[in-house]
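Below: the structure, in structure tokens.
The values are calculated or read from the model by the stated rules, or taken from the named source; none is laboratory data. Not measured: the values here are computed from a predicted model. Reconstructed Cβ throughout: ideal geometry from the backbone, glycine too, with neighbour counts over all protein chains shown.
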Amino acid sequence: MARRFYLYNGAPRGFTLIELMVVILIIGLLLMYVGPRVFNSADSSRITTTRMQLATLMNALKSYRLDNGQYPTAEQGLRALIEKPQTEPIPKNWKKHGYLAKPKLPKDAWGNDFQYLNPGTRGEIDLYSYGPDKESEDDDIGSWQ
């Protein structure tokens with residue numbers, strides 16, 4: 001039986017080693033159960049954030065096309081949304097302040113640049129993120145989804 005030490009007023013002085021081990025075991029079991037769910041929701045949030053950024057960039061690209069008759073070339077890339085291209089075809093109706101709210105290209109939720117292809121392999125243009133693995137694979141998050 002665990003031995004307890006009491007102060008002069010009859011209150012226990014502290015926890016026994018067994019009590020501390022039981023609390024640590026319970027906390028460990030809770031972390032084993034809750035931990036994976038928390039980390040999965042973080043990945044899900046990053047994917048959702050990246051999809052929202054893709055939608056914003058696609059809207060900007062569509063505005064660019066409406067103003068200039070075509071999407072930026074692959075060489076001009078997404079920079080054409082924030083800086084007027086100096087290579088052919090030079091847009092004639094490019095907006096003075098660009099096509100994004102901030103004069104900076106957003107990055108995906110993992111801090112990487114978005115990829116842009118014109119012509120695209122899955123549509124007229126392809127805009128996508130490599131996702132968490134940072135490699136071109138079937139798990140890419142793209143404008144075609």
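Could you check segment 1-27 and list, in sequence order, the residues that are part of a helix (DSSP H, G or I), surrounded by fewer than 10 Cβ atoms within 10 Å (Cβ to Cβ) and either modelled with pLDDT under 60 or not β-branched (Val, Ile, Thr) (or both)?
Listed by number, the list holds a single entry, Leu17.
Taking segment 51-97 as the region of interest, how many residues are on the phi > 0 side of the Ramachandran plot and part of a loop (DSSP other than H, G, I, E, B)? Break it down stepwise before answering.
Within segment 51-97, the subset on the phi > 0 side of the Ramachandran plot is 69, 77.
Still in the list and also part of a loop (DSSP other than H, G, I, E, B): 69.
Within segment 51-97, residues that are on the phi > 0 side of the Ramachandran plot and part of a loop (DSSP other than H, G, I, E, B) number 1.
Being part of a loop (DSSP other than H, G, I, E, B), polar (S, T, N, Q) and buried (at least 16 other Cβ atoms within 10 Å of the Cβ) is the filter here; which residues of segment 103-142 pass it?
If the condition is that a residue be part of a loop (DSSP other than H, G, I, E, B), polar (S, T, N, Q) and buried (at least 16 other Cβ atoms within 10 Å of the Cβ), then Asn118 is the only one that fits.
Please identify the pairs in which a residue from segment 115-129 that is free of Cβ contacts under 8 Å to residues at least 24 places away in the same chain and within 14 Å of Asn59 (Cα to Cα) has its Cβ atom under 8 Å from the Cβ atom of a residue that is surrounded by fewer than 20 Cβ atoms within 10 Å (Cβ to Cβ) and hydrophobic (A, V, I, L, M, F, W, C), counting only partners at least 6 apart or on another chain.
Going by the 8 Å Cβ cut-off, the qualifying pairs are Asp126/Leu117; Asp126/Trp144.
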